[in-house]
Amino acid sequence: MKELSVGAITFLEKKVLLIHQINGNHIGFPKGHIEINESPEKTALREVYEETGIKIKLESLSYSIKYKLKSGINKEVIYFCASALNNKIKIQTEEIHNAFWLEIEEALQKLTYDNDKKALKYFSKKFKAQSY
């Protein structure tokens, strides 16, 4: 069995948006499941906005992470690289303990999973040259 989630690693100047998720109690990036008739890009836009109140612009970069859940399900997460269009966070209290902006080096220390750290390193190298 397979499961797909889509999200975005969102940059604002030299900071990145992180969330502290209630389910699993981990620190990562906004993401969620694709709804019916929704593209991965639309899912990323919707999930970041629903979870954090941040509107984003997707960049041309994406990064895929694959791993196996304890339940045996093969999970894939597609992250898009994004720029924030606003900076005022409004969390979705049903799913998120907190959301916050951190400098990239500090974010690398806070992220729970190594796969998320690899994705952030990939985007920060590629995206820095383009934007901030």
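Quick note: the coordinates plus some simple rules give every number you see, no bench work behind them. No experiment lies behind these values; they were computed from the predicted model shown. When we count neighbours, we look across all protein chains shown, and the Cβ atoms used for this are built from the backbone with ideal geometry, even at glycine.
Using the rule -39500 (n - 2.57) for each DSSP H run of four or more residues, divided by the residues of the chain, the 222 nm mean residue ellipticity is -9000 deg cm²/dmol.
Under a model in which nothing but the beta-carbon of Lys, Arg (+1) and Asp, Glu (-1) is charged, the chain shows a dipole of about 400 debye around its Cα centre.
Give the percent of DSSP beta bridges with both residues in the chain that are antiparallel, rounded to the nearest 5.
70
A 22 angstrom limit on the alpha carbon distance is what I want to check against. Which of 15/88; 2/125; 57/88; 15/117 exceed it? In this structure, 2/125 lie more than 22 Å apart at Cα. Distances between placed amide hydrogens fall under 5 Å for residue 56 paired with 85, all partners being 5 or more residues away or on another chain. Each residue of region 23-36 is assigned a 3J(HN,Hα), and the resulting list reads 6, x, 6, 10, 9, x, 10, x, 6, x, 7, 6, 8, 4 Hz, derived from the Karplus form 6.51 cos²θ - 1.76 cosθ + 1.60 (θ = phi - 60°), x at Gly and Pro. For the chain, the longest principal axis of the alpha carbon atoms and the long axis of helix 40-52 meet at an angle near 70°. In the list [x] 13; [y] 51; [z] 29, the label attached to percent of Cα pairs over 26 Å apart as derived from the coordinates here is [x].
Axis of helix 114-130 versus longest Cα principal axis of the chain: the two differ by about 40°, to the nearest ten degrees. Near the amide H of residue 22, within less than 5 Å, lie the amide hydrogens of 96, 97, all on another chain or at least 5 residues away, with H placed in the peptide plane.
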